[in-house]
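Here the structure is laid out as structure tokens; the discussion comes afterwards.
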Amino acid sequence: MSVLPRPYFHDEAAAFEHVEAMLWPQGPVCHHCGSMDKHYKLAGVRSKPSKKNPHGVERHGLYKCAACRAQFTVRMGTIFEESHLPLHKWLQAIHLMCSSKKGISSHQLHRVLECTYKTAWFLSHRIREAMRSDDFTPMGGNGKFVEVDETYIGRLAGVPKQRTGAAHKNTVLTLVERGGIARSFHIDSTSIAKVVPIVRANIAKETALMTDEAHVYKRVGGEFASHSRVEHGVNEYGRIKTNGAGERININTNTVEGFYSIFKRGMKGVYQHCAEHHLHRYLAEFDFRYSNRSAMGIEDNVRSLIALKGAKGKRLTYRQAY
């Protein structure tokens, strides 16, 4: 059955009930004083009349705290706060961004949701903020493999295009655990000072490290259980090695390169342009979808619910986004 007819995609009251169930699993929580047991719902309250809505608009999901006497909704303290867009359209946008493997442009969102392009642009950045992971637990572990690689994308403002090399492009470093999550970083360069601290902080020491032949990884490779390299410079893209236990191990960086394949198709084919100061949010979006992919048993509906849970505590204003 299609997900599109679900009530919370079309009905505002149902949308509030859905979001409250996800963000308030133990019941409403006052945004002002944190009270969970002294509140009551305000039904039938309408906004002030306007030219567009002479009788006002019903304010769904409005509560009043008996402890501090303040009014609050589930929108407060989330990416939805101070948004004039109906909550059911927010849920449509979250589902579209979570179910589109290579992303969905703000122009497409503004046509589908029938809102302005400016609203759709700000909306998509706030959803990317909800997708951003705050979990920096070291990746990998005993018996696990983490691949590390870097790529270049876009154009640095004010830097003339180079005939060779990538000095005029943005640099991205990505760590991918085989069969697990991806974690990407927008860095200034691929120098030892930039790459090594990230690798040390984000990968468990018991992990088998996989990289290409870049010299920067030689500095840190000996700190892990093992460090295997593929020599792309001599057209080597993978080989089989047998360890001491007789197990066959694939030595390659194909997993992280597969991640970059999806990332670049999305950035070039869907988004087409990304300013340098916004790149970290696009990386968070692609990391999120990859880390919650179908191969890990997470389908579109569940992925959307995970993104919705991430909306809490991540307020983003237009000034911050722009």
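Counting the residues of segment 21-35 that are out of contact with any Phe, Trp or Tyr (no Cβ under 9 Å at 6 or more places or on another chain) and either open to solvent by 60 Å² or more (accessible area, probe 1.4 Å) or not in a loop (DSSP other than H, G, I, E, B) (or both) gives 6.
The C-beta contact set for segment 1-21 (first residue over 19 Å from Lys41 (Cα atoms) and free of Cβ contacts under 8 Å to residues at least 40 places away in the same chain, second residue open to solvent by less than 50 Å² (accessible area, probe 1.4 Å) and assigned to a helix (DSSP H, G or I), distance under 7 angstrom, 6+ apart or interchain) comprises Pro7/Ala14. Condition check for His88 on (1) closer than 30 Å to Arg265 by Cα; (2) touching a strand residue (DSSP E or B) at 6+ places or on another chain (Cβ under 7 Å): one failure, at (2).
Here's the yes/no breakdown for (1) open to solvent by 40 Å² or more (accessible area, probe 1.4 Å); (2) among the basic types (Lys, Arg); (3) assigned to a loop (DSSP other than H, G, I, E, B):
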{"position": "Val256", "(1), (2), (3)": "no, no, no"}
{"position": "Tyr260", "(1), (2), (3)": "no, no, no"}
{"position": "Arg265", "(1), (2), (3)": "yes, yes, no"}
{"position": "His277", "(1), (2), (3)": "yes, no, no"}
{"position": "Arg281", "(1), (2), (3)": "no, yes, no"}
{"position": "Asp287", "(1), (2), (3)": "no, no, no"}
{"position": "Asn301", "(1), (2), (3)": "yes, no, no"}
{"position": "Ala307", "(1), (2), (3)": "no, no, no"}
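A count restricted to segment 103-141 and to residues that are assigned to a loop (DSSP other than H, G, I, E, B) and either touching an Asp or Glu at 6+ places or on another chain (Cβ under 6 Å) or not polar (S, T, N, Q) (or both) stands at 11. Inside segment 2-20, can you point out the residues that are among the hydrophobic types (A, V, I, L, M, F, W, C), out of contact with any Phe, Trp or Tyr (no Cβ under 9 Å at 6 or more places or on another chain) and loosely packed, with under 12 Cβ neighbours inside 10 Å? Leu4 - this is the single residue of segment 2-20 that is among the hydrophobic types (A, V, I, L, M, F, W, C), out of contact with any Phe, Trp or Tyr (no Cβ under 9 Å at 6 or more places or on another chain) and loosely packed, with under 12 Cβ neighbours inside 10 Å. The set of residues in segment 83-102 being without any contact (Cβ under 8 Å) to a residue 60 or more places away in the chain, of a type outside the set (S, T, N, Q) and outside any helix (DSSP H, G or I) consists of His84, Leu85.
Within segment 309-322, being assigned to a helix (DSSP H, G or I) and either open to solvent by less than 80 Å² (accessible area, probe 1.4 Å) or closer than 24 Å to His88 by Cα (or both) holds for Lys309, Tyr318, Ala321. State yes or no: is Lys241 touching a Ser or Thr at 6+ places or on another chain (Cβ under 9 Å), more than 14 Å from Gly103 (Cα to Cα) and touching a residue at least 12 places away in the same chain (Cβ under 8 Å)? Considered against the rule, which asks whether it is touching a Ser or Thr at 6+ places or on another chain (Cβ under 9 Å), more than 14 Å from Gly103 (Cα to Cα) and touching a residue at least 12 places away in the same chain (Cβ under 8 Å), Lys241 comes out as yes.
Checked against the criteria, Thr164 counts as of a type in the set (S, T, N, Q), part of a loop (DSSP other than H, G, I, E, B) and more than 19 Å from the chain's Cα centre (by Cα). The single residue among Thr137, Thr174 that is out of contact with any Cys (no Cβ under 8 Å at 6 or more places or on another chain) and buried (at least 20 other Cβ atoms within 10 Å of the Cβ) turns out to be Thr174. In segment 202-216, the condition of being open to solvent by 70 Å² or more (accessible area, probe 1.4 Å), more than 30 Å from Thr317 (Cβ to Cβ), at pLDDT 95 or above and assigned to a loop (DSSP other than H, G, I, E, B) is met by at least one residue. Put simply, of Leu42, Leu62 the only residue that is in contact with a strand residue (DSSP E or B) (Cβ under 9 Å, 6 or more places away or on another chain), under 22 Å from Leu316 (Cα atoms) and aliphatic (A, V, I, L, M) is Leu62.
Taking the condition surrounded by 14 or more Cβ atoms within 10 Å (Cβ to Cβ) and among the basic types (Lys, Arg), does Arg229 pass? Spelling it out, Arg229 is indeed surrounded by 14 or more Cβ atoms within 10 Å (Cβ to Cβ) and among the basic types (Lys, Arg).
Take the conditions (1) under 28 Å from Val74 (Cβ atoms); (2) at pLDDT 95 or above; (3) over 14 Å from the mean Cα position of the chain (by Cα); (4) not aromatic (Phe, Trp, Tyr); Ser294 misses just one of them, which is (1).
The values are calculated or read from the model by the stated rules, or taken from the named source; none is laboratory data. This structure is a prediction, so every number in the text was calculated from the model and none was measured. Neighbour counts are summed over all protein chains in view; Cβ atoms, including those assigned to glycine, are modelled from backbone coordinates with ideal geometry. The area values use the complete protein model at the heavy-atom level, side chains included, leaving out ligands, DNA and RNA. Shrake-Rupley method; radii C 1.70, N 1.55, O 1.52, S 1.80 Å.
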